[in-house]
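Before any comments, here is the structure.
The values are calculated or read from the model by the stated rules, or taken from the named source; none is laboratory data. Just so it is clear, the model here is predicted, and its values are computed rather than measured. Heads up, the Cβs are rebuilt from the backbone with ideal geometry, glycines too, and the neighbour counts pull from every protein chain shown.
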Amino acid sequence: MEAVRFPANPEKGTQKYRLESEVYIETSDFSLEEQKGFFGLMPGQPVILRYGPTVRIVDVVKNQAGGIERVRVESIPFEKKTKVIHWISKAHAMPVEIRLYGQLLTEIDVKEASKNSGKNWLEYMNPEALVIKNKSAFVWNLHKDAKVLDRFQFERVGYFAVDSDSTEGNLIFNRIVELKEPTEKKGVVVAPAKPKAAPKQAAAKAPVATSAVPVYSPNAKPEDIALLEAHKLKLVAMKAEKAAKADIDAAVVELKRLKELCGEVPPQKKK
């Protein structure tokens, strides 16, 4: 079947996918029991395989341990308001490593949290700041020749770039931008707004406005900025894990290149 490569820009061309008798779907897109508000495949609720047919469950095959081994489905006529899920033909799937970078810390204001709790700031490191899916994820083998820093949108998942650790036959994708989701879902605690200080006397000097975050060139691409921020997290993780000096040095060089690419201006120090 043929599908556009960029749904928002169909003029950029199409790509062909082959639907075989066995396909992979996301675990989160299947439910063995009916659930209110669930949009995936479940008994009594068919789904559309993106760009493909509408299917419904015929049978669920379990293994000796009681786990689900496979789900048998059949094609049915198109139905309105049917939800769409993505898929990969098993015969054309390629196992890859996925590195999911997330929030580095579990508190917005770690200094304040440490002061109030008496805890070391390292205790606020997010254990899920880097989650690695080693060969437990699959992409279409159309991407087997992807190069370092090539970028892709994995639909309904986020934006990813090929990591420099990739080798022939062993692709590694870093998440550089995740889809928007509630802050509480990420396990990040939002610091409460601090009360405004009482206005100073007229004779007092007004505080100098400062920038709390880096500023980038107006010509910088959003995906390059996202890649830069992801690389910063990666470098922090490498140092925390005491990676080899040569690897850290190489990461520092790459960070410098990305900063120059984005025209980053470091945050100003408070005066």
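Out of (1) closer than 24 Å to residue 27 by Cβ; (2) of a type in the set (A, V, I, L, M, F, W, C); (3) surrounded by 14 or more Cβ atoms within 10 Å (Cβ to Cβ), what's the single condition that is false for residue 179?
The number of the failed condition is (3).
For region 232-250, indicate whether the set of residues that are surrounded by 12 or more Cβ atoms within 10 Å (Cβ to Cβ), modelled with pLDDT of 80 or more and touching a strand residue (DSSP E or B) at 6+ places or on another chain (Cβ under 9 Å) is non-empty.
Within region 232-250, none of the residues are surrounded by 12 or more Cβ atoms within 10 Å (Cβ to Cβ), modelled with pLDDT of 80 or more and touching a strand residue (DSSP E or B) at 6+ places or on another chain (Cβ under 9 Å).
Being small (Gly, Ala, Ser), closer than 15 Å to residue 155 by Cβ and free of Cβ contacts under 8 Å to residues at least 12 places away in the same chain, is that true of even one residue in region 8-30? Can you show your working first?
Quick first cut of region 8-30, residues small (Gly, Ala, Ser) only: 8, 13, 21, 28.
Next, from what is left, pick out any that are closer than 15 Å to residue 155 by Cβ: 8, 28.
Those still in the list that are free of Cβ contacts under 8 Å to residues at least 12 places away in the same chain too: 8.
For region 8-30, residues small (Gly, Ala, Ser), closer than 15 Å to residue 155 by Cβ and free of Cβ contacts under 8 Å to residues at least 12 places away in the same chain: present.
For residue 156, state whether it is at pLDDT 90 or above and of a type in the set (Lys, Arg). So that I can check it myself, show each step before the final result.
On the way: at pLDDT 90 or above: no; of a type in the set (Lys, Arg): yes.
In short, no.
Which of the residues that make up region 71-101 are without any contact (Cβ under 8 Å) to a residue 24 or more places away in the chain and either under 19 Å from residue 141 (Cα atoms) or assigned to a strand (DSSP E or B) (or both)? Can you show your working first?
Within region 71-101, the subset without any contact (Cβ under 8 Å) to a residue 24 or more places away in the chain is 72, 74-75, 77, 80-81.
Passing the criteria: 72, 74, 75.
Which numbered condition in (1) part of a helix (DSSP H, G or I); (2) at pLDDT below 75; (3) among the β-branched types (Val, Ile, Thr) is the only one that residue 210 fails?
If we test residue 210 against (1) part of a helix (DSSP H, G or I); (2) at pLDDT below 75; (3) among the β-branched types (Val, Ile, Thr), just (1) comes out false.
Please tell me if residue 55 is of a type in the set (A, V, I, L, M), in contact with a Pro (Cβ under 9 Å, 6 or more places away or on another chain) and farther than 21 Å from residue 152 by Cβ. Give the steps one after another, and end with the answer.
On the way: of a type in the set (A, V, I, L, M): yes; in contact with a Pro (Cβ under 9 Å, 6 or more places away or on another chain): yes; farther than 21 Å from residue 152 by Cβ: yes.
The answer is yes for residue 55.
Which residue pairs have Cβ atoms closer than 9 Å, lie 6 or more positions apart in sequence or on different chains, and pair a first residue in region 37-52 that is part of a strand (DSSP E or B) with a second residue that is among the small types (Gly, Ala, Ser)?
41/31; 42/31; 45/31; 47/40
I'm checking my understanding of the structure. Among residues of region 102-135 that are among the charged types (D, E, K, R) and assigned to a loop (DSSP other than H, G, I, E, B), which one is surrounded by the most Cβ atoms within 10 Å (Cβ to Cβ)?
Among those that are among the charged types (D, E, K, R) and assigned to a loop (DSSP other than H, G, I, E, B), it is 109.
Looking at residue 255, is it in contact with a His (Cβ under 6 Å, 6 or more places away or on another chain) and either in a loop (DSSP other than H, G, I, E, B) or within 17 Å of residue 150 (Cα to Cα) (or both)?
Working: in contact with a His (Cβ under 6 Å, 6 or more places away or on another chain): yes; either in a loop (DSSP other than H, G, I, E, B) or within 17 Å of residue 150 (Cα to Cα) (or both): yes.
Against the criterion (in contact with a His (Cβ under 6 Å, 6 or more places away or on another chain) and either in a loop (DSSP other than H, G, I, E, B) or within 17 Å of residue 150 (Cα to Cα) (or both)), residue 255 qualifies.
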